[in-house]
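Structure first, commentary second.
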């Protein structure tokens, strides 16, 4: 004979047990969600850093292929405009896309550059967003101390310290100015230097125009070797060493 089956219904959760489970889930979510967000952010920063490394390598190829001259930043310069030249090196054979006009949207920029090294997933969602900019001060200057127009390429050999002169970096403009450098990587600006290496620096501060190298901050002073590269302006003015 089969033993008699109990007619008592299965035991349900009590209210206290249910609340305890909900509380545990809440605690775990509070721990896991920030961790996941942090991991995702670090992955985006790693992507951005890798993109800049590739741009730095392309810049070195450009210098070697163009009689040791650097690219220039000026959009109205018909040759050697930095993003067109680096695109042709990295994506040889592919037509160079036009940069979205101003104003435009983040979606439009992603549509054009989203799968290329000219995009960072940390780019802000603002009108006319940009990912990286080329040092706007890194070209030949006139005897009056202002940039030539159209820009004249600077000789690599004229750069006093390529490892301490910025070439490319996180920027809200297609060109990198002290005012457009943006610390979108947990407060830091990823920078490519003229020698091709990549580093992380704090953004410039108006109140700190000439920070020491130990401060790991971009100088606000545009008349510095960090921005100009050369030790003296064309008019003979000695530039501040960074």
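The values are calculated or read from the model by the stated rules, or taken from the named source; none is laboratory data. Since we're looking at a predicted model, the values are computed, not measured. Quick reminder, even Gly has a Cβ in these numbers, built from the backbone with ideal geometry, and neighbours come from all protein chains shown.
Name, by its number, the condition in (1) surrounded by fewer than 22 Cβ atoms within 10 Å (Cβ to Cβ); (2) modelled with pLDDT under 95; (3) within 19 Å of residue 71 (Cα to Cα); (4) touching a strand residue (DSSP E or B) at 6+ places or on another chain (Cβ under 8 Å) that does not hold for residue 223.
Of (1) surrounded by fewer than 22 Cβ atoms within 10 Å (Cβ to Cβ); (2) modelled with pLDDT under 95; (3) within 19 Å of residue 71 (Cα to Cα); (4) touching a strand residue (DSSP E or B) at 6+ places or on another chain (Cβ under 8 Å), only one is false for residue 223: (3).
Do the conditions hold for residue 210, that is, is it surrounded by fewer than 16 Cβ atoms within 10 Å (Cβ to Cβ) and either in a helix (DSSP H, G or I) or at pLDDT 90 or above (or both)?
Spelling it out, residue 210 is indeed surrounded by fewer than 16 Cβ atoms within 10 Å (Cβ to Cβ) and either in a helix (DSSP H, G or I) or at pLDDT 90 or above (or both).
Does residue 50 count as modelled with pLDDT of 95 or more, surrounded by fewer than 16 Cβ atoms within 10 Å (Cβ to Cβ) and within 21 Å of residue 131 (Cα to Cα)?
Here the answer is yes, as residue 50 does meet what is asked.
Could you say whether any residue in segment 148-158 is closer than 22 Å to residue 81 by Cβ and within 22 Å of the chain's Cα centre (by Cα)?
no
Inside segment 226-242, can you point out the residues that are in contact (Cβ under 8 Å) with a residue 12 or more places away in the chain, in contact with a strand residue (DSSP E or B) (Cβ under 9 Å, 6 or more places away or on another chain) and either over 27 Å from residue 58 (Cα atoms) or assigned to a loop (DSSP other than H, G, I, E, B) (or both)?
Those that are in contact (Cβ under 8 Å) with a residue 12 or more places away in the chain, in contact with a strand residue (DSSP E or B) (Cβ under 9 Å, 6 or more places away or on another chain) and either over 27 Å from residue 58 (Cα atoms) or assigned to a loop (DSSP other than H, G, I, E, B) (or both): 229, 230, 231, 233, 234, 235, 239, 240, 241, 242.
Looking at segment 142-184, which of its residues are under 26 Å from residue 42 (Cα atoms), in contact with a strand residue (DSSP E or B) (Cβ under 6 Å, 6 or more places away or on another chain) and modelled with pLDDT under 95?
Passing the criteria: 173, 174, 175, 176.
Might you check whether a residue that is at pLDDT below 85 and surrounded by 10 or more Cβ atoms within 10 Å (Cβ to Cβ) occurs anywhere in segment 1-16?
Checked against the condition, which is being at pLDDT below 85 and surrounded by 10 or more Cβ atoms within 10 Å (Cβ to Cβ), segment 1-16 yields at least one hit.
Count, please, the residues in segment 53-98 that happen to be in a loop (DSSP other than H, G, I, E, B), surrounded by fewer than 18 Cβ atoms within 10 Å (Cβ to Cβ) and either modelled with pLDDT of 90 or more or over 21 Å from the mean Cα position of the chain (by Cα) (or both).
Total satisfying the criteria: 14.
So which residues in segment 220-242 are farther than 15 Å from residue 161 by Cα and under 22 Å from the mean Cα position of the chain (by Cα), if there are any at all?
Those that are farther than 15 Å from residue 161 by Cα and under 22 Å from the mean Cα position of the chain (by Cα): 220, 221, 222.
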